[in-house]
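The values are calculated or read from the model by the stated rules, or taken from the named source; none is laboratory data. The structure presented is a predicted model; accordingly, all values stated were derived computationally and were not measured. Quick reminder, even Gly has a Cβ in these numbers, built from the backbone with ideal geometry, and neighbours come from all protein chains shown.
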Amino acid sequence: MPIIKSAKKRVKQSRAAAIRNSKVKRSMKSAIKGLSSKPSADTHAKAQSRIDTALKKGIISKQKAARLKQRVSGNAKTAKVNLSKKSTGAKTASVKKTTSKKTTKTNKSGSKK
């Protein structure tokens, strides 16, 4: 058991982080297993999303994420899941806002002529 105050705090933080990381890792694994039990496009997308989340949070490495995603896609293809992207019909249109700035011409010395 640590004696120094900062070391005690570090132990507390690392325990909390371990719990957070294990939850993300467990949800990733259960999503992958869910794909093998009920193969569908939704479970495939969910598994890929959970893998990406674990990668983004630094729980798994980039290479492991790529390997898992390849394996998940291969399992979905052998289960003959249609992986093509479908449009939902309700697309949200992005509106661009334009702002105009008024500029005045000045010479290099900063005075107007």
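Is it the case that Leu55 is surrounded by 12 or more Cβ atoms within 10 Å (Cβ to Cβ), of a type outside the set (Ser, Thr, Tyr) and in contact (Cβ under 8 Å) with a residue 40 or more places away in the chain?
For Leu55, the condition - surrounded by 12 or more Cβ atoms within 10 Å (Cβ to Cβ), of a type outside the set (Ser, Thr, Tyr) and in contact (Cβ under 8 Å) with a residue 40 or more places away in the chain - is not met.
Within segment 1-32, restricting attention to residues that are basic (Lys, Arg) and more than 19 Å from the chain's Cα centre (by Cα), which residue is surrounded by the fewest Cβ atoms within 10 Å (Cβ to Cβ)?
From segment 1-32, those basic (Lys, Arg) are 5, 8-10, 12, 15, 20, 23, 25-26, 29; that's our starting set.
Applying the additional criterion that residues be more than 19 Å from the chain's Cα centre (by Cα) yields 5, 8-10, 12, 15.
Working: Lys5: 8, Lys8: 12, Lys9: 11, Arg10: 12, Lys12: 10, Arg15: 10.
Here the answer is Lys5.
Here's a check for you: in segment 50-79, which residue that is in a loop (DSSP other than H, G, I, E, B) and farther than 11 Å from Lys25 by Cβ is modelled with the lowest pLDDT?
Step one: list which residues in segment 50-79 are in a loop (DSSP other than H, G, I, E, B), which gives 57-61, 79.
Subset that is farther than 11 Å from Lys25 by Cβ: 58, 61, 79.
Working: Gly58: 95, Ser61: 96, Ala79: 88.
Filtering segment 50-79 for residues that are in a loop (DSSP other than H, G, I, E, B) and farther than 11 Å from Lys25 by Cβ, the one modelled with the lowest pLDDT comes out as Ala79.
Could you grab me the full set of residues in segment 62-82 that are charged (D, E, K, R) and surrounded by 12 or more Cβ atoms within 10 Å (Cβ to Cβ)?
Lys64, Arg67, Lys69, Arg71, Lys77
Out of Ser40, Ser22, Ser36, report the one residue that is touching a helix residue (DSSP H, G or I) at 6+ places or on another chain (Cβ under 7 Å) and free of Cβ contacts under 8 Å to residues at least 60 places away in the same chain. Break it down into steps so the answer makes sense when it comes.
Values: Ser40 fails: touching a helix residue (DSSP H, G or I) at 6+ places or on another chain (Cβ under 7 Å); Ser22 fails: touching a helix residue (DSSP H, G or I) at 6+ places or on another chain (Cβ under 7 Å).
Criteria check complete, one pass: Ser36.
Residue-wise test of (1) under 17 Å from Ala65 (Cα atoms); (2) touching a strand residue (DSSP E or B) at 6+ places or on another chain (Cβ under 8 Å); (3) not in a helix (DSSP H, G or I).
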residue	(1), (2), (3)
Met1	no, no, yes
Lys9	no, no, no
Gln13	no, no, no
Arg20	no, no, no
Val24	yes, no, no
Ser27	yes, no, no
Ala31	yes, no, no
Ala47	yes, no, no
